[in-house]
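Accompanying notes for the structure given below.
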Amino acid sequence: MNPARFGQAGDPPTSFVVRRVRVIDPNDGTDAVRDLAVLDGHIADPARTRGSEEEIDGDGLVVAPGFCDLHVHLREPGDGGAETIASGARAAARGGFTTICAMPNTTPPLDEPARIRWVLERARGASCRVRVIGSVTVGRAGEQLAELASMADAGAVAFSDDGASIPDARLTRAALAYLRGVGRPLVEHAEEPSLAAGSVMRAGPTAARLGLRGWPVSAELTVIERDIALVAETGAALHVTHLSTAAGLDAIRRARARGLPVTCDVTPHHLALSDEWVGGSRRFSWEEPTGEAAPDPDTAYDGSCRVNPPLASRADALALLDGLRDGVIDAIATDHAPHPPERKLVPFDDAAPGMIGLETALSLGLAAVETGRLELLRLVAALSIRPAEIIGERRSLAIGEPADLVMFDPAARWTVDRDELASDASNTPLAGMELPGVVHLTVADGRITYRR
Amino acid sequence: MIADAPRQAPARRHLLDTEGLARAELERLLDLAVEMRAARDTRTHRSLLERETLGLAFYEASTRTRVSFELAGRALGATVVDLSVAGSSAGKGESLVDTLRTLERTGVSVLVLRHAGSGAAHLAARTTGMHVVNAGDGLHGHPTQALLDALTLREQLDGLEGRVIAIVGDVAHSRVARSNIHALLALGATVRLGGPRPWIAGFDGRTGIEIAGTIEDALDGVDAVMTLRVQLERSAGAGIPSLGEYTRSWRLDEERMRHAAPDAPVLHPGPTNEGIEITAELANGPRSLIGRQVENGVPVRMAVLAAVTGAA
């Protein structure tokens, strides 16, 4: 990928006018075709431009607030290889994201203020804003609380031991009680280790057929139920990340009905893909299955379909899509998890869990929109303003606001080409597939960070 | 609407599992095995695979399967190389794919792979150009075992259409059972699964499969019984309280076999744990087809090797 297409923080503020573009701003429900102007990095009145700005034909394009990803893995600090902060940020910019939140399961983990500052320093000049989520426990070992207030002072926007739950209920309770005072949410990777141990895909007919050990729904549900009980007692904010089960969604729906401060996100792959992909299917969750076929050697047991939590059953994926539509699921977060090929080109049991997602998130969302199961306005909200609010950012396309936006063609098709991705990694089962949605322009904080 | 004209099933480059094989393909492989059994005696096919090099890559211990593949390859004139895992680079941290690609470069044209990972044979087929024959992948499949079981049953029962075959034991963790289920269903049989509930979980609701909660129900009126080897080293973690309880509830013996059809035969993929999943009396008695299963191993594997290479 040509690096010249990427800008970075520190570039001069941009100015341009887009004529007749579909502007979507979920803040006030705007969905209208009109002109949109950016002057010196701020949204401006198109009637009051200087006349010297670049004019862009907005026909067929959508402008939306810049996307915010609550869950990415950037592999720095670490032994390197699969991704860097810089390459991950370029992938983000290309996907329309202006903020990404780096998870702390690096080597070493981000469990102290100096490491938070190190990442933020290293991310200066990257092609999007990089926020940091700190570890809840020292060394992500699940034994002792890390210095959460000090890390918050250093810039941590939330806390998580992502990659695992905090297995000890008492420690989780202590973390929530303390975080209420710190004013940051606990981001929970809900997985009961004793139920999930040894499992590599969702339990069910496909796992039984493939001879792969199945991860039961209860592995996620028991942790979510436990955490909701702890939130009810502590009053702290809980954010459940990469929700993957209908049962977990129901639990969160009930908690929110009680007024508890529980939010959640879902990944694009838990919405659009299903456990049948492990058996070689390449049909989206909303497409009717073709019926039982023998595993295709070209696609079955593909290590790129190994993710944690595992890909959902079709029924659960559709339930999650419903949850996204009705707003119980606040956000789409990618869980962008880069891995080198040698950790994926192995027997399925041995594959490292995770797939990349920054450059395909919008496309999978738009594929769902095309089925009529999701409104574009809601998709945009789940990619932009709702996740931004959860970490205390705001986004707006109102006149006078800093320009933080993405412009994309929702109908255009592109083919996912491993060699053309901005990410250093290419571990995605979507490689070779044609998807809707091409990002034309990303502007973060008034600067162009990606231009097609 | 014009019905599809009957056509020859497409030749397959690999045998990864019995799943997806149509009845005609299965019958053809079994017919070919019968032909191979005769040819082995008359030595009429001993140059059929003389251009092929068979690589035996067994990442798990095996005696009968490995030896029968070796004999099958030699009976057809193939060069046979045995990658014994101890002492090879496979034991030195080299990845499976790297090892297999090296084998391919050294001239192996047909890979016979046994590996602890489900889907390992699919991975080999996807990443190399060799013909791949699955000799057992994790918990997933063991198609040549299923074929030799099907051949044994077809000959004993005079066909499988409409027959009811019980499979008793840890079906959920058995690659033999999984491949047998596909083959038996495709050949027109009904399959009845019996065992402690966690051992038969995940198969409910499939057409042609019945689930039995007791040994009596599992055996009631069946035409044949296949029992599986209890993985002694795994029983503690396999969801049952004890081996003794399994034996009391599920061991096959002459007494319990009275629930089955008269003279219903008994199969076992071997090696047996006599006294645990089957009594010595039954395993060595007149109902037992265990010896015939072993005898059918070489001709079935000859047929598979000839079929995947397009030699027959």
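The values are calculated or read from the model by the stated rules, or taken from the named source; none is laboratory data. All figures in this text were calculated on a predicted structure; none of them were measured in a lab. Cβ coordinates were reconstructed from backbone atoms using ideal geometry, including for glycine residues, and neighbour counts include every protein chain displayed.
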Per-region count, the stretch A:264-277, residues under 19 Å from residue A:434 (Cβ atoms) and within 14 Å of another protein chain (Cβ to nearest Cβ): 1
Just checking, which of B:65, B:44 is at pLDDT 90 or above, in contact with a helix residue (DSSP H, G or I) (Cβ under 9 Å, 6 or more places away or on another chain) and not small (Gly, Ala, Ser)? B:65
Among the residues of the stretch A:156-163, is any buried (at least 18 other Cβ atoms within 10 Å of the Cβ), in contact with a strand residue (DSSP E or B) (Cβ under 7 Å, 6 or more places away or on another chain) and part of a helix (DSSP H, G or I)? no
Working only within the stretch A:342-372, note down all residues that are buried (at least 20 other Cβ atoms within 10 Å of the Cβ), of a type in the set (D, E, K, R) and either more than 14 Å from chain B (Cβ to nearest Cβ) or under 14 Å from residue A:430 (Cβ atoms) (or both). A:344, A:359
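How many residues are in a loop (DSSP other than H, G, I, E, B), within 23 Å of residue B:230 (Cα to Cα) and more than 14 Å from every other protein chain (Cβ to nearest Cβ) when one looks only at the stretch B:141-176?
Residues that pass the stated criteria total 1.
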Can you confirm whether residue B:77 is modelled with pLDDT of 95 or more and either in a loop (DSSP other than H, G, I, E, B) or within 14 Å of another protein chain (Cβ to nearest Cβ) (or both)? yes
Considering only residues that are within 14 Å of chain A (Cβ to nearest Cβ) and surrounded by fewer than 24 Cβ atoms within 10 Å (Cβ to Cβ), which ones fall in the stretch B:177-192? B:182, B:185, B:186
Residues of the stretch B:15-58 being more than 16 Å from residue B:307 (Cα to Cα), touching a strand residue (DSSP E or B) at 6+ places or on another chain (Cβ under 6 Å) and crowded, with 22+ Cβ neighbours inside 10 Å, which ones? B:55, B:56, B:57
Scanning the stretch B:8-52 for residues that are acidic (Asp, Glu), more than 14 Å from every other protein chain (Cβ to nearest Cβ) and within 21 Å of the chain's Cα centre (by Cα) gives B:27, B:31, B:35
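Could you list, in sequence order, the residues of the stretch B:213-242 that are part of a helix (DSSP H, G or I) and either surrounded by fewer than 16 Cβ atoms within 10 Å (Cβ to Cβ) or of a type outside the set (A, V, I, L, M) (or both)?
Initial filter on the stretch B:213-242 (part of a helix (DSSP H, G or I)): B:215-219, B:232-237.
Listed by number, the residues that qualify are B:216, B:217, B:232, B:233, B:234, B:235, B:236, B:237.
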Based on what the data block shows, is residue B:222 within 14 Å of chain A (Cβ to nearest Cβ) and at negative phi? no
Based on what the data block shows, is residue A:77 surrounded by 24 or more Cβ atoms within 10 Å (Cβ to Cβ) and without any contact (Cβ under 8 Å) to a residue 60 or more places away in the chain? no
Has the stretch B:132-140 got any residue that is crowded, with 24+ Cβ neighbours inside 10 Å, over 13 Å from the mean Cα position of the chain (by Cα), farther than 26 Å from residue B:246 by Cβ and not polar (S, T, N, Q)? yes
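Identify, please: which residue in the stretch B:121-140 is facing another protein chain (nearest Cβ under 7 Å) and in contact (Cβ under 8 Å) with a residue 60 or more places away in the chain and is, among those, nearest to residue B:165 (Cα to Cα)?
By that ranking, first place goes to B:140.
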Tell me yes or no: at least one residue of the stretch A:205-218 is buried (at least 24 other Cβ atoms within 10 Å of the Cβ), away from every other protein chain (no Cβ under 14 Å) and touching a residue at least 12 places away in the same chain (Cβ under 8 Å). no
Looking at (1) touching a Leu at 6+ places or on another chain (Cβ under 7 Å); (2) over 25 Å from residue A:382 (Cβ atoms); (3) among the charged types (D, E, K, R), which is the only condition residue A:45 fails? (1)
Any residue at all in the stretch A:250-257 that is at negative phi and in a loop (DSSP other than H, G, I, E, B)? no
Output yes when any residue across the stretch B:158-165 is touching a Pro at 6+ places or on another chain (Cβ under 9 Å), under 22 Å from residue B:295 (Cα atoms) and touching a residue at least 24 places away in the same chain (Cβ under 8 Å), and no when none is. no
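Taking the conditions exactly as written (without any contact (Cβ under 8 Å) to a residue 60 or more places away in the chain and out of contact with any helix residue (DSSP H, G or I) (no Cβ under 9 Å at 6 or more places or on another chain)), does residue B:191 satisfy them or not?
no
Across the stretch A:14-73, what is the number of residues that are acidic (Asp, Glu) and part of a strand (DSSP E or B)?
The qualifying residues number 7.
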Determine whether the stretch A:278-297 contains at least one residue that is closer than 19 Å to residue A:327 by Cα, surrounded by fewer than 18 Cβ atoms within 10 Å (Cβ to Cβ), basic (Lys, Arg) and more than 14 Å from chain B (Cβ to nearest Cβ). no
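The rows are residues; the columns are (1) over 23 Å from residue A:380 (Cα atoms); (2) surrounded by fewer than 24 Cβ atoms within 10 Å (Cβ to Cβ); (3) in contact (Cβ under 8 Å) with a residue 12 or more places away in the chain; (4) away from chain B (no Cβ under 13 Å).
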site	(1), (2), (3), (4)
A:299	yes, yes, yes, no
A:302	yes, no, yes, no
A:314	yes, yes, yes, yes
A:317	no, no, yes, yes
A:325	no, yes, yes, yes
A:328	no, yes, yes, yes
A:333	no, no, yes, yes
A:340	yes, yes, yes, no
Selection within the stretch A:190-202 - crowded, with 22+ Cβ neighbours inside 10 Å and either in a strand (DSSP E or B) or within 12 Å of chain B (Cβ to nearest Cβ) (or both): A:200, A:201, A:202
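Scan the stretch B:204-214 and tell me whether some residue there is within 16 Å of residue B:21 (Cβ to Cβ) and away from chain A (no Cβ under 11 Å). Spell out the reasoning first.
Of the residues in the stretch B:204-214, the ones within 16 Å of residue B:21 (Cβ to Cβ) are B:208.
Cutting the leftovers down to away from chain A (no Cβ under 11 Å) gives us B:208.
Yes, the stretch B:204-214 contains at least one residue that is within 16 Å of residue B:21 (Cβ to Cβ) and away from chain A (no Cβ under 11 Å).
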Flagged in the stretch A:268-297 as within 13 Å of residue A:429 (Cβ to Cβ) and either touching a residue at least 60 places away in the same chain (Cβ under 8 Å) or among the aliphatic types (A, V, I, L, M) (or both), in numbering order, are A:268, A:269, A:272, A:273, A:275, A:276, A:277, A:278, A:279, A:282, A:284
Report yes if some residue within the stretch A:127-138 is surrounded by fewer than 24 Cβ atoms within 10 Å (Cβ to Cβ) and farther than 23 Å from residue A:386 by Cβ; otherwise report no. yes
Looking at the structure I just gave you, is residue A:312 part of a helix (DSSP H, G or I) and farther than 22 Å from residue A:127 by Cβ? no
